[in-house]
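*Asks:* Questions regarding the structure given below will be posed in turn.
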Amino acid sequence: MSDYQVINSRLPRLDAPAKATGRAVFIDDMSFPGMLHAALLQSPLPHAHIVRIDTSKAERLPGVKAVITAKDAGLVRYGVSPARYDETVFCHDRVRYVGDEIAAVAAVDAETAEEAVGLIQVDYEELPAVLTIEAAMAEGAPQLHVEFPRNLSAEVHQEFGNAADALKASDLVKTTTFKNKRQDGAFLEPPGCIAVFDLDGRLTLHSSTQAPHYVQRTVAMVLGLPVGKVRVVKPYVGGGFGIKAAANTGELAACLLARKTGKPVKFNYSREQVFMLCRARHQFVHRMTTGVKKDGTLLALQHECYLDGGAYSSFGIATVYYAGSLLGGPYKLPNMKYDGWRVYTNKPTCGAQRGHGGVAARAAWEQQLDMIAEELGMDPIDLRLKNMMQAGDVTCNDLNMSSLGMRECIEAVRNSSDWASKKGRLPKGKGIGMACGFFVSGAGYPIYRSDTYHCTATVKLAEDGGTVQVYSASAEIGQGSDTAFGMIAAETLGVPLDSVRVMSGDTDFGVDLGAYSSRQTLMTGHAVKEAAEAAKRQVLDALAEELKVPAADMDIREGRIVFKNGPVDFSGIRNRYIKEHRGWSDSPQEDFLTFREASRIAYLAKGTIVGTGKYKPPLLGGKFKGAAVGTSPAYGCSAQVVEVDVDLETGRIVIEKMTDAHDCGRAINRTSVEAQMEGSLAMGMGEALFEEVKFDDRGRVINCDLAEYKLVTALDMPPVEAIIVESDEPNGPFGAKEVGEGAIMPTIPAILNAVYDATGLRIHELPLTSERVQAALKAARAKK
Amino acid sequence: MILPKFEFHEPTSISDACELMARHRGEARLLAGGTDLLVNMKKKVLNPKRLVSLGRIPELTQVERSNGTLWIGAGATVSAIAASAMVARDASALGLGARALGTPLIRNLATIGGNIGSARPAADLPPALIVYGAVLVLRSVAGERRLPIGEFFKGPGLTAAHEDELIAAVVIQVPAGYAGAGYLNLGVRKAQDCNIVNVASYLELDGRAEVIRAARVALGSVGPTPLRSPSAEAVLIGQKPTEALFDLAADAAQRDCMPILDFRGSAEYRRDMVGVLARRTLTMALAEARSRN
Amino acid sequence: MKQLIRLTVNDREYEVGVDPNTTLVDLLRGHLGLTGTKKGCDLGDCGACTVLLDGKAVNSCLVLAVQAGDRTVQTIEGLETAQGLHPLQQAFIEKGAIQCGFCSSGMILSAKELLDRSPHPAEPEIRRAISGNLCRCTGYQKIIEAIKDAAR
């Protein structure tokens, strides 16, 4: 058992009671007096010039309060990476995908706003569209953005060591190609927001976002406001998974409409619009060549990747870098060459989704490693263990594995799944497979170039001493970060969790880059810990003064003051406390000095006790172009074993069991760590087997609902065994690092490897629908 | 998503419902469970001026057995059919179809009449009803008529019902001894799917001699309507049931289907799966037939 | 034209005027202020809007408000009693079955329908009962554990 009083336990989440009873307030549960409702006019064509926009009919519709287009919004360019600010709020000359926004309406109710949108007349001159990577890269292809020729949104060319030479020196060289499909975030809560201007011109945007800070900056920039006049507040958020990590058009339009009308304006994305907003996982096409020695030692990886980006860049530059850099580990790989191209197409824009950039690459490579192991006559686990890095190793692209419980993860899943008695021994149609993966615990650098702290936190003690208030601008979006920070604050201060109140998701509470790149536990956790330490110090200092006991001789544990050198008479403090709370019925009676009394004394001595904390990572990574992407203060890692049953006639795959071990450094909340692992596996399984956003030849999403875009249901999901591995990360608060995204990394390749074990077939394209598997089975039978 | 505006009627008897449908001929639609109609109205695919709800007509929800006949009111919910011990015993393939349909939430709303009346080619209940030789009881102000379900479907969303006619009930002759049926559906995941292929089969054996006296095979999702497979049935009738025979029947069923390619699946895959599911449902039907003696 | 309906929601009787094209979920959330019922797709695909209608779990986005007239509706807000939270709510909290919480109301109500008719369900039955309630966060594992726990 650990020495910790609060962390590393299974305390229920702080927000669970509100969510279990329907009390938790999400954006669509909110309203303001006089609130208007907005609707967006979106392009029905994938690519066209806008010849004329006539809003007069819409403006005349009773109930309509404002209609805005690019004329009102201006043409401020924004996006995610400043190097690719390629969006404007509304299109003024050209639309680039079905769903590109042209105008917005605010009206007394949603029905009227939608009706008004239907009355806006737009004359288009249709342009030829490019809907695939091949079409976009073809000679003479229609161009989406004049300033980014050849439809290249970004390209990457990196080489570490000398891959070509290393391949020549290899005993076995294997080349495979791999393709995934475009995903949808498919969070249960569609994004929405309410923009409210006060009479002094200050804007408060309530939004279902996972990055209040970035939204604040984008809104301020686009509306031409100082950052200090924009406040972004996040209510409870129904999942994000990366898609809600940047400002969206709905937010910007609502702000503009609120400014124009002087009324609060609400906008909600419909489920169909979520598919048009997209910003989710790209389609990647990978071609990988790996060279190994006879004994399995990895020598080189030569890797090319093409990404179907959609109409704008969003997070895409980071995505195309991650797709390469995240193969630097966890295996010792001395030579790596990577060439990546992210291509504009006339489709909704892809962005970041759980496992940003690395998921398809990991799937492709981990399947290839299994193929290599087989050709070398090695057990796939042995091949991986042979090449595994150790804590302290640095990858060829300068990522520092400051802790790495990879070996422990592999051992754990091997034992728990009974790998040895199953691998290669299951009847035809049944299979077992494994894979590994790792991921950042927060990006080493912010998305815009800056020396900013990545997060700040404040811990304030209530004047009666009874409550610890933790403030940060971090984003609880369902992953459990509020609870983690409450636990970190409680552990640090030495009080029970129930005396902590956590407030977050408000840019007025500080700076926090938000919930993406699995950064909050490590980064915001550091800031909260530092803030709590500062508050604790002030309490002990005040107590030292009052009791004439050196602060170093005291500590706080479980809400009581610990005197290290024997009992101290604190009756004076107690009498004072009781006197000041005459009429209260809960006077301290304990035979020890309580934290409540101590922090009251501190308040009386110094005024409100406020501790502040901050965090930014040290300078990380190499000096080469793009070296920042992939850097992190720490890396989480995991290993998975998947067992499948494949119907050899229908091609249908049933996943029977998943065993996952994840090194999260130190579990702040054990239940939440498992919950992240289980959720990651479900998302990975969906991507492996079912999920694919499909388009018709006019660039329209065919399956833009949750009936035809298939998430795993409770019937599809197998039992999951989640095993926590703790490696005590030196750069993490209490040794903690990520779990939110890394756990998805091995899922797809473990399934692919299990399907091979069951069928003898290597499938290099996702999803593994029954039809795709059956076609492969049929082709294999025909060959025989 | 906002529903378009419409006038709403909630009659409490079949005859009142018929009256309303006659009065508003051409502009009224029947609202049963709403799981198909309301979705299409929200998506602006359908925009009826009036809805006549069947939700408050008690006589539509009867499920009873008398004189070897199973009478299922059109308003019976799919979950009621899925949970019915009587259906499980007397028309097991229908029960399997009901269990396969949508989700528990959808099954609690959707009705058997709605599942038939909306005439979706991939619907879960029609194949079983077809192989059981179900007869639909149709009502209108003109009176009652009975129509074998096989003659009801005319195309996707199209039926032989007149504009002012409603399905009042489905009648199934309870299969005799040595008769059994099976139903299987194949989608992408295990719940909430639009079928890629669904097949029901029915076999009636000549007592212990085990010669197939009657056989019916119905194929869903592989044509504009659920289809009977006369070729498969011809292969089966008069033969002893064997694996080899079922393989031949499965091949024949593949020849009878008319699958199209759409985003859910290719024609080739659907055709292949017709064979697999036909064989498997025949095996189920045989097992049940042998157990019912 | 608005129609006057009476219905019972969480043991309280309401008399409200509704347009025929108002769905039950919008009546609950918009008119009655019961925002614990969530709207995730509005097409009957996700289950976030699940309520119990005469004891049966249904997608309230696929029910017209007028159809709920003279019937009994139970929403997540109706599960607590003077004795405290419903055992399912308690189990969801304790077992970590809640992450973003957007599916939780519907999930709990589907589970309640199950436990009301089958107090000690086996795991496959649990999985089946919640198969119309999508969850993108949990992988269902802890939800299933919570339902098992509540059924104990």
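*Asks:* Any residue in region C:15-27 that is closer than 25 Å to A:Gly239 by Cα, more than 12 Å from the chain's Cα centre (by Cα) and within 11 Å of chain A (Cβ to nearest Cβ)?
*Replies:* Yes, region C:15-27 contains at least one residue that is closer than 25 Å to A:Gly239 by Cα, more than 12 Å from the chain's Cα centre (by Cα) and within 11 Å of chain A (Cβ to nearest Cβ).
*Asks:* Can you find, within region A:745-762, the residue that is surrounded by the fewest Cβ atoms within 10 Å (Cβ to Cβ) among those that are over 26 Å from the mean Cα position of the chain (by Cα) and closer than 30 Å to C:Gly132 by Cβ?
*Replies:* Filtering first and then ranking leaves A:Ala758.
*Asks:* Then there is this: Yes or no: A:Glu590 more than 43 Å from the chain's Cα centre (by Cα) and among the acidic types (Asp, Glu)? Before the answer, list the steps.
*Replies:* Numbers: more than 43 Å from the chain's Cα centre (by Cα): yes; among the acidic types (Asp, Glu): yes.
Taking the combined requirement at face value, the residue satisfies it.
*Asks:* Right, next: Could you list all residues from region A:1-32 that are farther than 25 Å from A:Ile668 by Cα and touching a residue at least 24 places away in the same chain (Cβ under 8 Å)? Let's see the steps before the verdict.
*Replies:* Looking only at region A:1-32, we keep the residues that are farther than 25 Å from A:Ile668 by Cα, and these are A:21-23, A:25-32.
Hits for region A:1-32 are A:Val25, A:Phe26, A:Ile27, A:Asp28, A:Asp29, A:Met30, A:Ser31, A:Phe32.
*Asks:* Moving on. Looking only at region A:404-463, which residues are basic (Lys, Arg) and within 30 Å of A:Lys536 (Cα to Cα)? Explain how you work it out, then say what you get.
*Replies:* We begin by selecting, within region A:404-463, every residue basic (Lys, Arg); these are A:407, A:414, A:422-423, A:425, A:428, A:430, A:449, A:460.
Within region A:404-463, just A:Lys460 meets the criteria.
*Asks:* Name the single residue that is surrounded by the most Cβ atoms within 10 Å (Cβ to Cβ) among those in region C:91-115 being among the polar types (S, T, N, Q) and at the interface with chain A (Cβ under 8 Å from one of its Cβ atoms).
*Replies:* To start, the set of residues in region C:91-115 that are among the polar types (S, T, N, Q) comprises C:99, C:104-105, C:110.
Applying the additional criterion that residues be at the interface with chain A (Cβ under 8 Å from one of its Cβ atoms) yields C:99, C:104-105.
Working: C:Gln99: 30, C:Ser104: 33, C:Ser105: 30.
Ranking the candidates gives C:Ser104 first.
*Asks:* What is the residue count in region A:721-744 for residues that are among the aliphatic types (A, V, I, L, M), buried (at least 23 other Cβ atoms within 10 Å of the Cβ) and outside any helix (DSSP H, G or I)?
*Replies:* Quick first cut of region A:721-744, residues among the aliphatic types (A, V, I, L, M) only: A:722-725, A:736, A:739, A:743-744.
Imposing the further condition that a residue be buried (at least 23 other Cβ atoms within 10 Å of the Cβ) reduces the set to A:722, A:725, A:736, A:739, A:743-744.
Keeping just the survivors that are outside any helix (DSSP H, G or I) gives A:722, A:725, A:736, A:739.
Count: 4.
Yes or no, residue by residue, for (1) within 22 Å of C:Phe102 (Cα to Cα); (2) at pLDDT 95 or above; (3) surrounded by 24 or more Cβ atoms within 10 Å (Cβ to Cβ):
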position: A:Thr458; (1), (2), (3): no, yes, no
position: A:Ala473; (1), (2), (3): yes, yes, yes
position: A:Gly478; (1), (2), (3): yes, yes, yes
position: A:Leu497; (1), (2), (3): no, yes, no
position: A:Leu513; (1), (2), (3): no, yes, yes
position: A:Arg519; (1), (2), (3): no, yes, yes
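*Asks:* Within region A:21-40, work out how many residues are closer than 18 Å to A:Arg259 by Cβ and of a type in the set (Phe, Trp, Tyr).
*Replies:* Result for region A:21-40: 1.
*Asks:* Would you pick out the residues in region C:116-142 that are in contact with a strand residue (DSSP E or B) (Cβ under 9 Å, 6 or more places away or on another chain) and within 11 Å of chain B (Cβ to nearest Cβ)?
*Replies:* Those that are in contact with a strand residue (DSSP E or B) (Cβ under 9 Å, 6 or more places away or on another chain) and within 11 Å of chain B (Cβ to nearest Cβ): C:Ala129, C:Gly132, C:Asn133.
*Asks:* Does region A:477-495 hold any residues that are among the charged types (D, E, K, R) and either within 14 Å of chain C (Cβ to nearest Cβ) or under 21 Å from the mean Cα position of the chain (by Cα) (or both), and which are they? Walk me through how you get there before you give the answer.
*Replies:* Restricting attention to region A:477-495, the residues satisfying the condition of being among the charged types (D, E, K, R) are A:482, A:491.
Correct list: A:Asp482 only.
*Asks:* Go through region C:68-90 and count every residue that is more than 13 Å from chain A (Cβ to nearest Cβ), surrounded by fewer than 24 Cβ atoms within 10 Å (Cβ to Cβ) and not charged (D, E, K, R). I'd like the intermediate steps shown before the answer.
*Replies:* Of all residues in region C:68-90, those more than 13 Å from chain A (Cβ to nearest Cβ) come to C:68-73, C:82-83.
Checking the rest, the ones that are also surrounded by fewer than 24 Cβ atoms within 10 Å (Cβ to Cβ) come to C:69-72, C:82-83.
Now narrow it down to the ones that are not charged (D, E, K, R): C:69, C:72, C:82-83.
Of the residues in region C:68-90, 4 are more than 13 Å from chain A (Cβ to nearest Cβ), surrounded by fewer than 24 Cβ atoms within 10 Å (Cβ to Cβ) and not charged (D, E, K, R).
*Asks:* Given the condition among the hydrophobic types (A, V, I, L, M, F, W, C), assigned to a loop (DSSP other than H, G, I, E, B) and either more than 14 Å from every other protein chain (Cβ to nearest Cβ) or surrounded by 17 or more Cβ atoms within 10 Å (Cβ to Cβ) (or both), answer yes or no: does some residue in region B:198-218 qualify?
*Replies:* Here is the first cut: in region B:198-218, the ones among the hydrophobic types (A, V, I, L, M, F, W, C) are B:199-200, B:203, B:205, B:209, B:211-212, B:214-215, B:217-218.
Remaining after also requiring assigned to a loop (DSSP other than H, G, I, E, B): B:211.
Adding the requirement that they be either more than 14 Å from every other protein chain (Cβ to nearest Cβ) or surrounded by 17 or more Cβ atoms within 10 Å (Cβ to Cβ) (or both) leaves B:211.
Yes, region B:198-218 contains at least one residue that is among the hydrophobic types (A, V, I, L, M, F, W, C), assigned to a loop (DSSP other than H, G, I, E, B) and either more than 14 Å from every other protein chain (Cβ to nearest Cβ) or surrounded by 17 or more Cβ atoms within 10 Å (Cβ to Cβ) (or both).
*Asks:* Could you tell me which residue of region C:87-103 is nearest to B:Gly33 (Cα to Cα), considering only residues that are in contact (Cβ under 8 Å) with a residue 24 or more places away in the chain and under 13 Å from the mean Cα position of the chain (by Cα)?
*Replies:* Of everything passing the filter in region C:87-103, C:Cys103 is nearest to B:Gly33 (Cα to Cα).
*Asks:* Would you check which residues across region A:676-692 are within 14 Å of chain C (Cβ to nearest Cβ) and either in contact with a Pro (Cβ under 7 Å, 6 or more places away or on another chain) or of a type in the set (D, E, K, R) (or both) and list them? Spell out how you get there, then give the answer.
*Replies:* Our first condition is that a residue be within 14 Å of chain C (Cβ to nearest Cβ); within region A:676-692, this holds for A:676-691.
If the condition is that a residue be within 14 Å of chain C (Cβ to nearest Cβ) and either in contact with a Pro (Cβ under 7 Å, 6 or more places away or on another chain) or of a type in the set (D, E, K, R) (or both), then A:Glu678, A:Glu687, A:Ala688, A:Leu689, A:Phe690, A:Glu691 are the ones that fit.
*Asks:* Test A:Val644 against the stated conditions and say whether it is over 28 Å from B:Lys42 (Cβ atoms), touching a strand residue (DSSP E or B) at 6+ places or on another chain (Cβ under 6 Å), more than 14 Å from chain C (Cβ to nearest Cβ) and touching a residue at least 12 places away in the same chain (Cβ under 8 Å). If you could, list the steps in order and put the result at the bottom.
*Replies:* Working: over 28 Å from B:Lys42 (Cβ atoms): yes; touching a strand residue (DSSP E or B) at 6+ places or on another chain (Cβ under 6 Å): yes; more than 14 Å from chain C (Cβ to nearest Cβ): yes; touching a residue at least 12 places away in the same chain (Cβ under 8 Å): yes.
Judged against the criteria, A:Val644 is a match.
*Asks:* Another question, then. Within region A:715-731, is even one residue in contact with a Phe, Trp or Tyr (Cβ under 7 Å, 6 or more places away or on another chain) and closer than 13 Å to A:Arg354 by Cβ? Please lay out each step first, then the result.
*Replies:* Step one: list which residues in region A:715-731 are in contact with a Phe, Trp or Tyr (Cβ under 7 Å, 6 or more places away or on another chain), which gives A:717.
Filter again for closer than 13 Å to A:Arg354 by Cβ, leaving none.
Within region A:715-731, not a single residue is in contact with a Phe, Trp or Tyr (Cβ under 7 Å, 6 or more places away or on another chain) and closer than 13 Å to A:Arg354 by Cβ.
*Asks:* In region A:436-476, which residue that is part of a loop (DSSP other than H, G, I, E, B) and under 30 Å from A:Ile410 (Cα atoms) is farthest from the other protein chains (Cβ to nearest Cβ)? Write out each step before concluding.
*Replies:* As a first pass, look at region A:436-476 and keep what is part of a loop (DSSP other than H, G, I, E, B): A:441-454, A:462-467, A:473-476.
If we keep only those that are under 30 Å from A:Ile410 (Cα atoms) as well, we get A:441-444.
Values: A:Ser441: 19, A:Gly442: 20, A:Ala443: 22, A:Gly444: 27 Å.
Here the residue is A:Gly444.
*Asks:* Of these, A:Ala420, A:Ala373, which one is farther than 30 Å from A:Ala211 by Cα, surrounded by 20 or more Cβ atoms within 10 Å (Cβ to Cβ), modelled with pLDDT of 95 or more and not assigned by TED's automatic domain parsing to the domain that holds A:Ala211?
*Replies:* A:Ala373
*Asks:* Write out, first by first residue and then by second, each pair whose Cβ atoms fall under 7 Å of each other, whose residues are 6+ apart or on separate chains, and whose first residue, in region B:239-262, is surrounded by 17 or more Cβ atoms within 10 Å (Cβ to Cβ) and acidic (Asp, Glu) while the second is at pLDDT 95 or above and part of a helix (DSSP H, G or I).
*Replies:* What qualifies is B:Asp256/B:Pro230; B:Asp256/B:Ser231; B:Asp256/B:Ala232.
*Asks:* Mind checking which residues of region B:18-62 are more than 9 Å from chain C (Cβ to nearest Cβ) and either among the hydroxyl-bearing types (Ser, Thr, Tyr) or part of a helix (DSSP H, G or I) (or both)? Break it down into steps so the answer makes sense when it comes.
*Replies:* From region B:18-62, those more than 9 Å from chain C (Cβ to nearest Cβ) are B:18-30, B:32, B:36-37, B:40, B:44-50, B:52, B:54, B:57-62; that's our starting set.
Of everything in region B:18-62, those that are more than 9 Å from chain C (Cβ to nearest Cβ) and either among the hydroxyl-bearing types (Ser, Thr, Tyr) or part of a helix (DSSP H, G or I) (or both) turn out to be B:Cys18, B:Glu19, B:Leu20, B:Met21, B:Ala22, B:Arg23, B:Leu37, B:Asn40, B:Pro58, B:Glu59, B:Leu60, B:Thr61.
*Asks:* I've got another one for you. From the residues in region A:423-434 that are exposed (fewer than 12 other Cβ atoms within 10 Å of the Cβ) and of a type in the set (Lys, Arg), which one is farthest from A:Ile372 (Cα to Cα)?
*Replies:* Among them, the one singled out is A:Lys428.
*Asks:* Taking the condition of a type outside the set (Ser, Thr, Tyr), under 30 Å from A:His47 (Cα atoms) and touching a His at 6+ places or on another chain (Cβ under 9 Å), does A:His286 pass? Steps first, please.
*Replies:* On the way: of a type outside the set (Ser, Thr, Tyr): yes; under 30 Å from A:His47 (Cα atoms): yes; touching a His at 6+ places or on another chain (Cβ under 9 Å): yes.
Yes.
*Asks:* Being charged (D, E, K, R) and under 29 Å from A:Asn415 (Cβ atoms) narrows it down to one residue among A:Glu692, A:Glu708, A:Glu729; which is it? Give the derivation first.
*Replies:* On the way: A:Glu692 fails: under 29 Å from A:Asn415 (Cβ atoms); A:Glu708 fails: under 29 Å from A:Asn415 (Cβ atoms).
Only one candidate passes the filter, namely A:Glu729.
*Asks:* Output the residues belonging to region A:647-675 that are more than 11 Å from chain C (Cβ to nearest Cβ), within 23 Å of A:Lys529 (Cα to Cα) and of a type in the set (Gly, Ala, Ser).
*Replies:* Of everything in region A:647-675, those that are more than 11 Å from chain C (Cβ to nearest Cβ), within 23 Å of A:Lys529 (Cα to Cα) and of a type in the set (Gly, Ala, Ser) turn out to be A:Gly665, A:Ala667.
*Asks:* Determine whether C:Ala57 is touching a helix residue (DSSP H, G or I) at 6+ places or on another chain (Cβ under 6 Å), crowded, with 21+ Cβ neighbours inside 10 Å and either more than 25 Å from A:Ser680 (Cα to Cα) or more than 14 Å from chain B (Cβ to nearest Cβ) (or both). Steps first, please.
*Replies:* Working: touching a helix residue (DSSP H, G or I) at 6+ places or on another chain (Cβ under 6 Å): yes; crowded, with 21+ Cβ neighbours inside 10 Å: yes; either more than 25 Å from A:Ser680 (Cα to Cα) or more than 14 Å from chain B (Cβ to nearest Cβ) (or both): yes.
Yes.
*Asks:* What's the number of the only condition in (1) surrounded by fewer than 15 Cβ atoms within 10 Å (Cβ to Cβ); (2) among the hydrophobic types (A, V, I, L, M, F, W, C); (3) within 14 Å of another protein chain (Cβ to nearest Cβ) that A:Ala138 fails to meet?
*Replies:* Result: A:Ala138 passes all but (3).
The values are calculated or read from the model by the stated rules, or taken from the named source; none is laboratory data. Note that the structure is predicted; figures quoted are calculated from it, not measured. Neighbour counts run over all protein chains shown; Cβ positions are idealised from the backbone, glycine included.
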